[in-house]
Amino acid sequence: MKKRYYLNNGVQVRKEVFGLLFYDYRGPRLYFVPTKNLIANDFFNGTQTAEGLMESIQTRYSQSRQASEQWVTHVLTELEQKGLIHEQSIC
Amino acid sequence: MSNQYVDMGLSAPVNVTWEVTYACNLSCIHCLSDAGLKRSGELTTDQCLAVIDRLAAMKVFQFNIGGGEPFMRPDFLDLMDHAHKKGMVTCISTNGILIDDYVAGRLDNPLVYVQVSLDGATPASNDPIRGTGSFQNVLRALGCLRNRNIEVSVNTVLTRRSFSELDSMTELAAEYGAKLRVSRFRPSGRGKASWSELNVDQQQMLAFSDWLNGHLAVSTGDSFFSVSTEERRSLGLNMCGACKLTCCISPEGNVYPCAFLQDPEFLAGRLPDDDFKDIWQNSPVFHSFRRLEIKSCESCRRFDLCHGGCPAIAYHTQRKLGVPDPGCLANCVSVKPVLKEVRP
């Protein structure tokens, strides 16, 4: 099962030096997410699976599989809990 | 608010205050823009569309639209449609006079917020400030908007006159499915002449701070972070967002740090001749504003809540930047005298 993530309705994201800046028009609210350059903002167009992102980080930054998986899972879970993104699984 | 990330410098504003015209069908005595007649040099339709395109390309998320009265522009609804097609949120500040069922239908969009201005809970308190009949016009506009899927707020400027009617205004807004939003009175535009007559005194500002704590649903548009307490810390900014999170575009396309600092010394650039991205990233005026420090506030126990307050009020009352907001809670509770306003 591979997971892709998409922005929730009313949410926008853009790249900044610290990482990602999310804007949720319900509020509106801002969320500053310090991902540096590890996650591209078009990741949330479903262009890459979560697993693909983990592998990319593992390769680019010589991280262990476990470390990259933990980090990506943590970030995406936080963003889901804040109502910014949702996951769509594809088999 | 994650100041550390803001201080790194954002690639673009989060939102831009855009005054689209000086034309207005009212003559409110405290108008920050000194609005009335349309002035020569206001941006054309094509120029406005280009502004929207440029800011959308930079991923500016939101326009805070004002004027004058935005609906006085014949092309206003078309401009808003264009912004919405680009995915931009528009927060429109209006006196409501030109809102009818047709306009409300055009505004029926989840990307639209509407703030209808009102400065009293009754015609007797509102109309001397905003004009005869303006109170009833607001109620009529709120009635048109109520039946739509539009986030509506009633916006009032905190003055000595509106201070005692905040509860009544909160109830009035709720009757129309709206929230109350309270703006800070600043001595710019026609506000300079009415400042001494209308500005709240120290005791009223202290009482207002307490009142805000008991009314967390009331928004302030980050006008009152100088008097914010811990209870409202998570509700908005704890510092001035000018040149860091936001800036202002005037009807002629002049770019300024904020709507309340449109004196010539704060002119950062002119659209369409200058590129907005270049202004945002390279303007010496903006760089200077971003480095603004209010040293005398840094030892204050409230510094983390306000960072010295509103520079615009400090500037208009003391004719310089880098000095404390005279309306801050620390000043209110100290033995310092209220700083006298500077006559224009």
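General observations
- In terms of its Cα atoms, chain B spans 54, 48, 37 Å along the principal axes, sorted from long to short.
- DSSP bridge orientation in the protein assembly as shown - percent antiparallel, rounded to nearest 5: 40
- Over the stretch B:89-189 - Rg/Rh using Cα atoms and the Kirkwood inverse-distance radius: 0.96
- Site-free segments of chain B were taken between trypsin sites (Lys or Arg not before Pro) in DSSP loops having at most 10 other Cβ atoms within 10 Å, sites themselves excluded; the longest one is B:1-290.
- Rounded to whole Å, the principal axis extents of the Cα atoms in the protein assembly as shown read 68, 54, 45, largest first.
- Isotropically averaged projected area of the stretch B:130-185, using the convex hull of Cα atoms (one quarter of hull area), nm²: 3.9
- Hydrodynamic radius of the stretch A:3-83 by the Kirkwood approach over all distinct alpha-carbon pairs: 13.0 Å.
- Taking chain B and dividing mean pair separation by its residue count, relative contact order in percent (alpha carbons under 8 Å, at least six apart): 17
- Along each principal axis, Cα extent of the stretch B:18-98, largest first, Å: 37, 23, 20
- Close Lys pairs in chain B (alpha-carbon distance under 17 Å; sequence gap of 8 or more, or different chains): 9.
- Antiparallel beta bridges, as assigned by DSSP with both residues in chain B, represent about 10 percent of the total such bridges.
- Cα gyration tensor, the stretch A:8-50 - rounded (a/c under 1.5), prolate or oblate: oblate
- Highest GNM mean-square fluctuation among B:Pro110, B:Pro251, B:Pro264, for chain B modelled with Cα contacts below 10 Å: B:Pro264.
- Range in chain B, longest, excluding exposed GluC sites (Glu not before Pro) [loop by DSSP; at most 12 other beta-carbon atoms within 10 Å]: B:1-292
- Shape of the stretch B:1-59, Cα gyration tensor, a/c cut at 1.5: oblate
- Remark: mean inter-chain Cβ contacts per residue of A:16-23 equal 5, using a 10 Å Cβ-Cβ cutoff to other protein chain atoms.
- Between 0 and 90°, nearest 10: helix A:50-60 axis offset from chain A longest Cα axis: 60
- For the stretch A:1-50 versus the stretch B:275-305, the gap between their alpha-carbon centres in whole angstrom: 27
A short reminder: the numbers here are calculations on the coordinates, not readings from a lab. Here the structure is a predicted model, which is why all the values come from computation and not from measurement. Glycine gets a Cβ as well: all are built from the backbone with ideal geometry, and neighbour counts include every protein chain shown.
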